[in-house]
Amino acid sequence: MSKLLRFLPLMILLIYMIQVEIGCANIIPPGGGPKDTIPPRLITAVPKDSATNVTPKLITLTFDEFVDVKDLQNNLIVSPVPKNLPIIDYKLRNVTIKLKDSLEPNTTYAFSFGNAIKDVNEGNIAKNFVYRFSTGKKLDENVFSGKVILAETGKIDSSLIVVLHNKLSDTSIIKNRPRYYTTLDGKGNFSFKNLPEGKFLAYVLPNDYTKRYDDSTKLFGFLDSAITINKETATVTFYAYEEEKRKAKSSANNPNSIAQKLPKGAKEDKRLRISTDLDYGTQDVLKTALVLTFSRKLKAVDTSKIILTDSNYHPLKNYQINLDTTKTKVSIVYNWKTDNGFRLLIAKDAVIDTTDMMLSKADTLKFKTKKEQSYGSIKLRFLNADLTKNPVLLFIQNDKIVESIPITSKQLSRKLYRPGEYELRVLFDKNKNGIWDTGNFKKKLQPEIVKTLNKKLTVKADSDTVLDDIRL
């Protein structure tokens with residue numbers, strides 16, 4: 001017992017130290033805390049938001065926390081479009097708008113900041129923040145909305161804008177800045193708010209500096225007539241198009257072209273060379289031609305010295321030999337059948353290039369056509385095909401049309417089809433020429449319309465693919 005009493009003070013000291021340690025641990029607050037996800041909120045404005053009968057030169061917006069304002073060039077839209085953009089500044093919780101233009105009477109002004117205003121700490125965005133006021137007795141509250149679709153593909157380009165002109169002349173879109181404009185969302189939708197009553201011409205353009213149709217290679221869209229803005233304005237759909245395609249720069253004139261750049265000290269190969277589009281020595285029977293590509297332009301082609309034979313060198317009939325417009329490709333057009341062997345005999349002097357060079361020697365090209373098992377079959381059924389609109393089914397890979405087939409009945413079948421995954425679109429071919437035709441603003445000609453279908457087609461070799469619920 002005496003020994004226990006002797007160690008008692010030490011035991012009490014240890015218990016006390018443990019309690020202190022535990023106590024200290026309990027008063028340490030947990031790290032971090034709930035993350036701020038609330039965007040800045042407007043608490044006061046001078047003049048107040050939606051004020052009427054005001055003509056301010058300076059506007060002050062005060063938020064409930066410190067704010068940052070970024071990328072006004074891509075976010076701020078002032079309506080009506082001013083001659084001179086206002087000066088926007090910010091400090092602490094305040095955003096100021098200094099107007100440089102004189103204000104028009106009885107006009108509603110709106111400042112749409114998009115995603116420009118954020119809080120300083122977490123970067124929470126005050127999405128689509130709008131401040132508005134009127135110099136007259138009331139705010140204009142008319143709405144005009146709709147959608148923009150790319151006519152050639154049926155897809156969306158959200159970088160486009162819709163503009164309104166109150167001067168009802170076709171030259172306004174060419175010469176004048178718009179009265180109003182708005183951007184598209186990710187689905188191609190647009191919406192104007194706080195518009196006055198009246199008639200406007202409406203257009204689609206890229207969101208560039210001019211906001212004018214001053215280049216026929218720009219994406220562009222128009223309505224057939226002026227739109228009347230009131231409380232019951234109907235929604236519309238624009239079909240945007242390029243009247244002319246921008247011409248690609250020729251590699252022949254490009255100093256950085258690979259064809260012109262040779263390793264230092266290397267000599268140019270002056271021989272006339274030939275290549276083919278065969279797939280590992282096999283010809284696709286769904287292609288109408290075997291294509292020979294030459295390394296230089298040809299001056300002459302002697303078709304009697306290019307001979308197509310079977311695998312036993314027996315000459316065939318009913319084939320054609322064509323030189324394309326670039327003078328570099330020769331096509332052997334033939335009605336190919338699956339799983340057959342061929343020989344193509346090319347004499348040394350069958351072709352002559354523009355430098356009077358012939359092939360270095362005669363050549364024999366040995367190849368076969370693909371087997372039937374290399375292809376799949378397809379059967380497509382259309383639920384609501386309106387054949388009076390001349391629909392054409394477009395098969396798309398890598399955003400390029402690989403085949404177009406006119407739809408003449410509610411079912412389309414192909415015994416042989418090339419394996420792969422295809423996006424499906426339908427062209428409503430007004431002039432029945434089998435291709436998409438662009439619009440023309442001067443002639444008031446709308447483009448033909450292409451619709452992207454909600455089905456993808458996956459074709460597998462030696463397999464049947466059926467899609468029986470395609471809606472056009």
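Please figure out what share of the DSSP beta bridges in region 334-472 is antiparallel and state it in percent, rounded to the nearest 5.
So the antiparallel bridges amount to about 85 percent of the total.
With a cut-off of 8 Å between alpha carbons and a minimum separation of six or more residues, what is the relative contact order of region 142-240 in percent?
39
Determine the shape class of region 348-472: with a ≥ b ≥ c the square roots of the Cα gyration tensor eigenvalues, call it rounded for a/c under 1.5, and otherwise prolate if a/b is greater than b/c, oblate otherwise.
Oblate shape, in that a/c is at least 1.5 and b/c is the bigger or equal ratio.
Please give the net charge around Ser112, taking every other residue with its beta carbon less than 12 angstrom from that of Ser112, where Lys and Arg add +1 and Asp and Glu add -1.
Around Ser112, the surrounding residues sum to +3.
Roughly speaking, what % of Cα-Cα pairs in region 42-134 are separated by over 16 Å, rounded to a whole number?
52
How much length, in nm to one decimal, is gained on full extension between Tyr280 and Thr325, taken as 0.36 nm per residue of separation minus their Cα-Cα distance?
Gain on stretching Tyr280 to Thr325: 13.5 nm.
Using only Cα atoms and rounding to the nearest 10 degrees, what angle (0 to 90) does helix 2-26 make with the longest principal axis of the chain?
70
Can you compute the FRET efficiency between Lys70 and Arg177 using 1/(1 + (r/R0)^6), with r the Cβ-Cβ distance and R0 = 25 Å? Round to the nearest 0.05.
0.50
In whole percent, what relative contact order does the chain give with Cα contacts below 8 Å and a gap of six or more residues?
10
Step through the table entries Lys299/Lys370; Lys337/Lys460; Lys187/Lys247, compare each Cα-Cα distance with 23 Å, and write down the pairs that go over it.
The answer is Lys299/Lys370; Lys187/Lys247.
So which of Lys155/Lys245; Lys57/Lys83; Lys371/Lys451; Lys371/Lys455 end up more than 26 Å apart, counting from Cα to Cα?
Correct reply: Lys371/Lys451; Lys371/Lys455.
With Cβ to Cβ distances under 15 Å as the rule, what net charge do the other residues near Glu197 carry (K, R +1; D, E -1)?
Local charge sum for Glu197: +3.
Note the full-extension length gain between Thr217 and Ile352 as 0.36 nm times their separation in residues minus their Cα-Cα distance, in nm to one decimal.
The span from Thr217 to Ile352 would gain 44.7 nm if fully extended.
Would you mind checking Lys389/Lys443; Lys193/Lys442; Lys211/Lys389; Lys193/Lys389 for any pair whose Cα atoms are more than 26 angstrom apart?
Those over the limit are Lys193/Lys442; Lys211/Lys389; Lys193/Lys389.
Just to confirm my numbers, what's the Cα centroid distance between region 395-472 and region 166-197 in Å?
Each part reduced to its Cα centre gives a spacing of 33 Å.
Counting Lys +1, Arg +1, Asp -1, Glu -1, what net charge surrounds Thr338 among other residues with beta carbon under 15 Å of its beta carbon?
+2
Going by a ≥ b ≥ c, the root eigenvalues of the Cα gyration tensor, does region 142-240 fall in the rounded group (a/c under 1.5), the prolate group (a/b larger than b/c) or the oblate group?
Oblate is the answer for region 142-240, as a/c is 1.5 or above yet b/c matches or exceeds a/b.
Write out the trypsin sites (Lys or Arg not before Pro) in region 398-439 meeting two conditions: DSSP loop, and at most 11 other Cβ atoms within 10 Å of their Cβ.
The qualifying sites are Lys432.
Any read-out appearing in this document is the output of simple, stated calculations on the displayed coordinates, not a laboratory observation. Note that the coordinates shown come from a computational prediction; the quantities given were computed from them, not determined experimentally. Note: ideal-geometry Cβ built from the backbone for every residue, glycine included; neighbour counts use all protein chains shown.
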